[in-house]
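Right, one structure below, let's go through it.
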Amino acid sequence: MKVAVTVNGTKQEHEVEPRTLLVHYLREVVGLTGTNIGCDTSSCGACTVLLDGQSVKSCTVLAVQADGAEITTIEGLASDGQLHPMQEAFRQHHGLQCGYCTPGMVMAAVSLLDENPAPTEAEVREGLEGNLCRCTGYHNIVKAVLAAAEGAAS
Amino acid sequence: MGTRVVRTEDPRFLTGGGTYVAGLRVPELEGALHATFVRATIAHARIASIDTSEAERAHGVVAVVTGADVDLEPAPPETPILNQQMLRPWLAVDTVRYVGEPVAVVLTDTAAQGADAAELVWPDYEPLPAVVDPEAALAGDTLLFPDVGTNVALELAFGRDEALFEGCEVVVSERLVNQRVAPCPLEVRATAAAWGDDGRLTIWTSTQNAQGARDAVVARLGLDEGQVRVVAPDVGGGFGAKIGIYTEEILLGWLAKRMGRPVRWVETRTESMLNMGHGRGQVQRVTIGGRRDGTVEAYRLEVLADAGAYPKLGAVLPYMTRLMTTGTYAIPRAECDTRSVVTNTTPTMAYRGAGRPEAAAAIERAMDLFAAEIGMDPAEVRRRNLVAPDAFPYTTPVGTTYDSGDYRTALDTALAAAGYDDLRAEQARRRQAGERVQLGIGVSTYVEVTAGPTPSGEDARVEVRPDGSAVVYTGTSPHGQGHHTAWAMIVADRLGIPLDRIEVIHGDTDLVPRGEGTMGSRSLQLGGVAVHEAAGKVVDRARELAAEVLEANPDDLVLDTDAGHWHVAGTPTATATWADVAAAAGEDGLAEDARFDAASPTFPFGAHVAVVAVDTETGKVTLERIVTVDDAGRILNPLLVEGQRHGGIAQGVAQALWEEVRYDGDGNPVTANLADYAFPSAAELPSFEVVPMETPTPVNPLGAKGIGESGTIGATPAVQSAVVDALAPFGVRHLDMPATPERVWRAIVRAGEPPTPASGPAAAGTGSAE
Ligand code: FES
Ligand code: FES
């Protein structure tokens, strides 16, 4: 089946098997391997990308379902060599260690602030419930997201 | 040094994501076949036959390989002290011994084809009785290796003193289960193998020590050391489960040879939950005795460790548990015996703390039980028995020598930071009022061994390039720890070359032939110190070279580390840059190697206070606060240290409250994916209150101990203790981990009707602050 999407601002058009998951399409066909896979039960959120601005777990979407959509992955977040404020916040607050959850976590965090620009700590924690991290204990991730919200507000 | 420096490796991870094995796009792996393992669906069975014909005909299948095809010797356990007759086949041949054990491998053009074809391999099993429980395994009614005649893989017995508790006014004993958990790094195992035209094998693998993996590949495949290169690209967490290399991964080298094509394998999470080594898994008996004034006089720890089906590192870890038997306490008489047995379950490996959390959990539970029995506040009982600050180096009754410490300050600092007295007052108020949600307060103190058990060393090379930048080659293998930043800080401090001009190279055995990797909280105190020493040698050499450049006496030369150049004392205008100095080194370049061998391991320590709220109607436990003091000697980068502590705390809390790998009675796993396994999210955890403390060690020139595992070791018993403490009014003195709502609720119900704290049986102990 044919799928035509815009990924990080670039138009893509490919022939894919109907059962191809969006995450596999992005990694294997488009060649963007920044989006990771961490599970087989849609539990971990490592594969989170923005689909028309909304965060989705790209292992739960078929590539063909994304037909016509705009997709943003971790590779498309920084612009003109400038880190996105969320990326910068993760760096400043040591919100990543092994980096495996990071692409998904950052995309989920961007989407979270989009929906709720001034969240409480509890709201950040609830909002990131679908994204697992084994390294950070979430402490610095939560701190980074709150700092990014703060930075955007000021 | 000692400053908060953000990580130099982050921009790469944050903009493009890391390069893990699954995403590796190198020319050598072009056209790689995908390997898919067919795995046992039954815990213990004889294999009557394996029908591969249907799979062989499936779309995209290049080959199906079974154990009968593999012409390599099965391997005995890597560690020589383990029973060497318990051989592990490459792929199960006659018998399967746990659900998930590989029985065949399918090679296909794409991963999806492999998943489909693996379903078409039909092993015919004749079921055997499964032994899932280590206590049953010890009884030996069912043997995993009938020819061996025992399920015991390792016994460490040092003789039992039947008079150990003689003269004690109070003796308490309890059976404790330190449950099996899954390390769950977010990246599962992944490996790729390719043979070059030069007859060399390259293996890319997600490992914590590339050099150790290389040695295993060389030995198991019967190759020469020069024939094998192992590369660890970015590694998405390890936590002990990725020490070395797994049998399946070594087999990829053999498969790539046989197929004449590169082969790549990336396991699924479900496969990972069944095959990546599990952690913990000990059944313990603690017995503690002492006087009613709070003095502990004797302690016995008996350990039965679950090795899983094929003994690996997990079977050896009771040795580490034994080393830390008495924890932070000066107990005059103590002993520890251990046994490790095989069961029809996933083999166990190291998991964050690796044997020491089990020791801490045991002694901390014992202290609580003792406190409850004599009716004394548990923090006070601990304080009375701590090893005194002037007692170091201190040798325990089991023969472990602690380097340095100040346990009393750690405990008092943690109690003060938590507001212990106020917490006890609030607890008393809720108990008095009979409130539905009760407060539990748990205190732990711990000491652990890092870079142990026997002293070891690490290699480093520091090179200054002709352009004045530097490169560090390290035998450590970071997978989240931030060595790129930390090692660069060490070099920048000594050489004055800015951080962004220092590159760190690790995890490629062609570039770094010697190294022992990252595990056991060893990296900074061995690898970091080696970098420090190598940089020092570079400075010595550079002094001579700078003297040539500036035509001065080497003794008159000054290295200005702020400016990053050399000058003659008193003449700051005549300078030689690092580029000048490197150029003066000529052909050979300016590079120095160093190895640091520590004289002994080090012993980080600390104290944790956990506060939980327990809903006495539903049994739900909420961790409200955790306050930790973790002293790992001198700190290089507080940002990294805090990160290590946070991650460790979360994993410790998770074991205490939620996580457990479970099997049914037939050995079928019931927690084989991340939907069923209770891996916590941000929503279940609070922010952590981490208090700094630094007591340098004399063991190395940086004064540093390891921080990787402390959080886990302290947090687990503190949180477990807090849950039990909340249940004290119901007469509960012990509850095994994890403290799931069901388990807590049952304990309350069992305590009798009606289950309200006000009318429950009187608490024994724990309440002296009331
Ligand atoms: S890969 Fe885990 S949720 Fe998508
Ligand atoms: S940084 Fe390793 S899983 Fe989140």
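Which of the trypsin sites (Lys or Arg not before Pro) found in segment B:156-244 are loop residues per DSSP with 12 or fewer other Cβ atoms within 10 Å of their Cβ? Working shown, then result.
Values: sites: B:ARG160, B:ARG175, B:ARG180, B:ARG189, B:ARG200, B:ARG214, B:ARG220, B:ARG229, B:LYS242; in loops: B:ARG160, B:ARG189, B:ARG200, B:LYS242.
When the trypsin sites (Lys or Arg not before Pro) of segment B:156-244 are filtered for loop state and at most 12 Cβ neighbours within 10 Å, B:ARG160 remain.
Quick one: grab the alpha carbon gyration tensor of chain B, order the square roots of its eigenvalues as a ≥ b ≥ c, and give me rounded if a/c is under 1.5, else prolate or oblate depending on whether a/b is larger than b/c.
Working: a/c = 1.95, a/b = 1.12, b/c = 1.73.
Oblate, since a/c reaches 1.5 and b/c is not below a/b.
At 1.4 Å probe size, put B:HIS484, B:HIS278 in order of accessible surface, largest to smallest.
Ranked from most to least accessible, the order is B:HIS484, B:HIS278.
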Charge dipole magnitude, Cβ of K and R +1, D and E -1 - the protein assembly as shown, Cα centre, debye nearest 20: 1360 debye
Among B:PRO696, B:VAL64, B:TYR473 - extreme Cα towards positive end, dipole of the protein assembly as shown, charges at beta-carbon: B:PRO696
Carbon + sulfur, % of accessible area of segment B:369-454 - ligands and nucleic acids excluded, 1.4 Å: 47 percent
Computed FRET value (nearest 0.05) for B:VAL93 with A:GLU13, which takes r as the C-beta separation and R₀ as 45 Å: 0.35
Heavy-atom accessible surface of segment B:487-642: percent carbon and sulfur, 1.4 Å: 46 percent
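Just from its helices, what would the mean residue ellipticity at 222 nm be for chain A, if runs of 4 or more DSSP H residues each count -39500 (n - 2.57) and the sum is divided by every residue, rounded to the nearest 500 deg cm²/dmol?
On the way: 4 runs with 44 residues, N = 154.
Counting only the DSSP helices, I get -8500 deg cm²/dmol.
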Chain pair A, B: total accessible area buried, heavy atoms, 1.4 Å probe, Å²: 4100 Å²
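Counting only other chains, and only Cβ atoms inside 10 Å, what mean value do you get across the residues of A:38-48? Display every interim value, and only then the final one.
Working: counts 9, 13, 11, 9, 2, 8, 7, 2, 4, 0, 0.
Counting Cβ atoms of other protein chains within 10 Å of each residue's Cβ and averaging gives 6.
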Residues of chain A: accessible area per residue with a 1.4 Å probe, Å²: 40 Å²
Shape category assigned to segment B:685-731 from the gyration tensor of Cα positions, a/c cut at 1.5: prolate
Euclidean distance of C-alpha centroids, segment B:580-611 and segment B:1-46, integer Å: 27 Å
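Using alpha carbons only, what's the Rg to Rh ratio of segment A:38-144 with Rh from Kirkwood? Walk me through the intermediate numbers first.
Working: Rg = 13.3 Å, Rh = 14.1 Å.
Taking Rg over the Kirkwood Rh, I get 0.95.
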Averaged over B:1-9, number of beta-carbon atoms from partner chains that fall within 10 Å: 2
Heavy-atom accessible area order for B:ASP725, B:ASP69, B:ASP198, largest first, 1.4 Å probe: B:ASP198, B:ASP69, B:ASP725
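Tell me which trypsin sites (Lys or Arg not before Pro) from segment A:103-154 have a DSSP coil assignment and no more than 12 other beta carbons within 10 Å of their own. Walk me through the numbers on the way to the answer.
Details: sites: A:ARG125, A:ARG134, A:LYS143; in loops: A:ARG134.
For trypsin sites (Lys or Arg not before Pro) across segment A:103-154 that sit outside H, G, I, E and B with at most 12 neighbouring Cβ atoms in 10 Å, the list is empty.
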Number of partner chain Cβ atoms within 10 Å, mean per residue of B:267-273: 3
Those GluC sites (Glu not before Pro) in segment B:634-708 that DSSP places in a loop and that have at most 15 other beta carbons within 10 Å: B:GLU694
Highest-first arrangement of B:291-297, B:11-17, where packing means the average Cβ count within 10 Å: B:11-17, B:291-297
Å² per residue, accessible surface of chain B at 1.4 Å: 33 Å²
Full-stretch length increase - B:VAL749, B:ASP109 - with 0.36 nm per residue and alpha-carbon distance subtracted: 224.7 nm
Cα centroid separation, segment B:159-183 to segment B:468-520 (Å): 44 Å
Shape of the protein assembly as shown, Cα gyration tensor, a/c cut at 1.5: rounded
B:ARG4 versus B:ARG258: modelled label distance in nm, points set 7 Å from Cα along the beta carbon direction: 5.5 nm
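The values are calculated or read from the model by the stated rules, or taken from the named source; none is laboratory data. These figures come from a predicted structure and were not determined experimentally. All Cβ positions, glycine included, derive from the backbone under ideal geometry; neighbour counts span all protein chains shown. Keep in mind that these areas ignore ligands, DNA and RNA; they rest on the heavy atoms of the full protein, side chains included. Shrake-Rupley method; radii C 1.70, N 1.55, O 1.52, S 1.80 Å.
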